[in-house]
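Notes follow the structure.
The values are calculated or read from the model by the stated rules, or taken from the named source; none is laboratory data. Here the structure is a predicted model, which means the values were calculated and not measured. Positions of Cβ are backbone-derived with ideal geometry, glycine not excepted, and every protein chain shown enters the neighbour counts. For the accessible areas, the whole protein counts, side chains as well, though only heavy atoms, and no ligand, DNA or RNA atoms are used. Shrake-Rupley method; radii C 1.70, N 1.55, O 1.52, S 1.80 Å.
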Amino acid sequence: MPDIAADRLTNVVAAVFRHAGCDDAESLRVADNLVTANLTGHDSHGVIRTLRYVDWMASGLIKAGQGIRIAKESPVLAVVDGQMGFGQTVAPLAVDIGIKKAKEMEVSIVTLKNAGHIGRVGAWAEQAAAEGLVSIHFVNARGSELVAPFGGRERRFSTAPFCVGVPQPDGPPHILDFATSIVAEGKVLVAAKGGKALPEGALIDEEGKSSQSPDALYGLAGPDAPPDHRNGKGAIRAMGEHKGSGLALMCELLGGSLTGNGAAGPGPRNFANGMLSIYLTIDAFMEEDNFFAEDVKGYIDFVKSSTPAAGHTEVLVPGEPERARKAERLANGVPIADIAWDSILQAGEKSGFSRADAVEMAGLA
Ligand code: NAD
């Protein structure tokens, strides 16, 4: 499969969502968000999600054209209900509220519940950083029990991502953004679809033994069956032993329980992302002008000056790998595994956008 230029890939994915029932603006917003995840190297949260989103639309699990409802509000906080709209539509609306309130009140907290999949959480920290704000995000995925807690073998947590964004006045923001599982579920999806293999010990099988086979999560589905985590009996392992497992728990309690979204389980629950976001205006904390910016810059340089360990060529800080990957993929195109491309074509076909038109739009005819 040749690499596809980012703008062409965006056009194809937007066309799929347009045919599936989103208006032009939403189609482009979702496509742009997914392609940006691919550009930044997070293929797990990129266009590979297209088919799943289209299936969710068809089953009514996510709704096109759905806006937010503000359930409660004060000058410093908002409780936002995403009403099962696309995450790419309702998350930026919730972030906008947080930005506006933090600019007025110096700090703000916004909760978001019942959001469709919000994708790469770093996108929302970048939105706040572009306005000069520090932001902290605890996220959960209701109805997506996938991760075994430290010491356990059965699924209890979602992949519950955690994210912090720190802006710099004269450069790109520092964005820490990761799933609290050893790998995000999408990385298991990518491996199951023939993409990059999982690291050893990323999963735990039903016997409680470490595994790297996607079958531990998806079971032995036939070649034409879409990977479905309800078919497997194993789990993804929480990152960082008891510490990562504890952070995952807090993402469930804050991103799930406190937002009103509900934690990952127990029992059957429809998928929805929940997110607790904290926004901080830097100047509100400062006694000296520019202290934060200068101290951060000096400290980051100090961290990066650490002599590389064996097997490393340089010390990177959060956000750097994504920027490097983005520059490279914007220049050379986005690599898409055959099976992922085929799933986009399937999503198009299901929505009335022909394979031939998609192939031509991608420049692959
Ligand atoms: P990951 O393991 O690739 O870690 C990414 C983070 O680590 C980034 O902040 C990156 O800058 C930093 N990083 C990577 N390599 C580094 C290095 N060599 N030195 C220093 N820092 C480095 O990410 P992941 O856990 O696979 O998560 C992927 C994406 O999935 C994230 O964007 C996350 O938000 C998203 N996600 C979303 C959901 C959801 O429900 N919406 C659930 C889970 C994950």
Notebook entry, point to check: Within segment 187-197, how many residues turn out to be among the aliphatic types (A, V, I, L, M) and either within 8 Å of the ligand (Cβ to nearest atom) or open to solvent by 10 Å² or more (accessible area, probe 1.4 Å) (or both)?
Noted result: 4
Next item on the list: Report, by residue number, each residue of segment 253-273 that is open to solvent by 10 Å² or more (accessible area, probe 1.4 Å) and touching a Phe, Trp or Tyr at 6+ places or on another chain (Cβ under 6 Å).
Entry: Leu254
Check: Does Ala91 fit the bill of being closer than 19 Å to Asn261 by Cβ and open to solvent by less than 20 Å² (accessible area, probe 1.4 Å)?
Finding: yes
Note to self: What's the total number of residues in segment 228-246 that are surrounded by 16 or more Cβ atoms within 10 Å (Cβ to Cβ) and either over 26 Å from Asp215 (Cα atoms) or more than 20 Å from the chain's Cα centre (by Cα) (or both)?
What the structure shows: 2
Next item on the list: Filter segment 128-155 down to residues that are surrounded by fewer than 21 Cβ atoms within 10 Å (Cβ to Cβ) and within 15 Å of the ligand (Cβ to nearest atom) and give me whichever is farthest from Gly87 (Cα to Cα).
Entry: Ile136
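So which residues in segment 59-74 are in a strand (DSSP E or B) and closer than 13 Å to Cys22 by Cβ?
If the condition is that a residue be in a strand (DSSP E or B) and closer than 13 Å to Cys22 by Cβ, then Lys63 is the only one that fits.
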Margin query: Quick check on this structure: which one of Ala263, Ala202, Ala184 is touching a strand residue (DSSP E or B) at 6+ places or on another chain (Cβ under 9 Å), within 11 Å of the ligand (Cβ to nearest atom) and within 20 Å of Gly87 (Cβ to Cβ)?
Written below: Ala184
Margin query: Just to be sure I understand, how many residues within segment 1-39 are open to solvent by less than 10 Å² (accessible area, probe 1.4 Å) and not hydrophobic (A, V, I, L, M, F, W, C)?
Written below: 3
Item checked: Total residues in segment 274-291, condition surrounded by fewer than 14 Cβ atoms within 10 Å (Cβ to Cβ) and out of contact with any helix residue (DSSP H, G or I) (no Cβ under 7 Å at 6 or more places or on another chain) -> 8
Checklist line | The lone exception for Tyr218 - which of (1) within 22 Å of the chain's Cα centre (by Cα); (2) hydroxyl-bearing (Ser, Thr, Tyr); (3) within 30 Å of Ile109 (Cβ to Cβ) it fails | finding: (3)
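Each row is one residue, and each column tells you yes or no for (1) basic (Lys, Arg); (2) within 12 Å of the ligand (Cβ to nearest atom).
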{"residue": "Val16", "(1), (2)": "no, no"}
{"residue": "His19", "(1), (2)": "no, no"}
{"residue": "Cys22", "(1), (2)": "no, no"}
{"residue": "Arg29", "(1), (2)": "yes, no"}
{"residue": "Thr36", "(1), (2)": "no, yes"}
{"residue": "Val47", "(1), (2)": "no, no"}
{"residue": "Met57", "(1), (2)": "no, no"}
{"residue": "Ile70", "(1), (2)": "no, no"}
{"residue": "Ser74", "(1), (2)": "no, no"}
Notebook entry, point to check: Considering segment 82-94 alone, what residues qualify as being in contact with a strand residue (DSSP E or B) (Cβ under 7 Å, 6 or more places away or on another chain) and in contact (Cβ under 8 Å) with a residue 40 or more places away in the chain?
Noted result: Gly82, Met84, Gly87, Ala91, Ala94
Margin query: Residues that are open to solvent by 10 Å² or more (accessible area, probe 1.4 Å), closer than 25 Å to Gly85 by Cα and not polar (S, T, N, Q): does segment 165-176 have at least one?
Written below: no
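Inside segment 271-365, counting only helices (runs of 4 or more DSSP H) that do not spill past its ends, which hold 3 or more residues that are under 30 Å from Ile109 (Cα atoms)?
291-304, 320-332
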Note to self: Taking the conditions exactly as written (modelled with pLDDT of 95 or more, over 26 Å from Lys326 (Cα atoms) and crowded, with 22+ Cβ neighbours inside 10 Å), does Val80 satisfy them or not?
What the structure shows: yes
Notebook entry, point to check: Mind checking which pairs have a first residue in segment 226-250 that is modelled with pLDDT under 95 and a second that is open to solvent by 30 Å² or more (accessible area, probe 1.4 Å) and not in a loop (DSSP other than H, G, I, E, B), Cβ under 7 Å, 6 or more apart or different chains?
Noted result: Pro227/Ala192; Gly232/Asp215
Notebook entry, point to check: Scanning for something farther than 21 Å from Ala337 by Cβ and open to solvent by 30 Å² or more (accessible area, probe 1.4 Å), does segment 209-221 turn up at least one residue?
Noted result: yes
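Here is a check on your reading of the model: is Arg237 within 15 Å of the ligand (Cβ to nearest atom) and either closer than 18 Å to Val183 by Cβ or not assigned by TED's automatic domain parsing to the domain that holds Pro149 (or both)?
Yes: the conditions hold for Arg237.
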Margin query: Pairs please, first residue from segment 169-196 and free of Cβ contacts under 8 Å to residues at least 40 places away in the same chain, second anywhere and of a type in the set (A, V, I, L, M, F, W, C) and open to solvent by less than 20 Å² (accessible area, probe 1.4 Å), Cβ atoms under 7 Å, 6+ apart in sequence or on different chains.
Written below: Ala191/Leu198
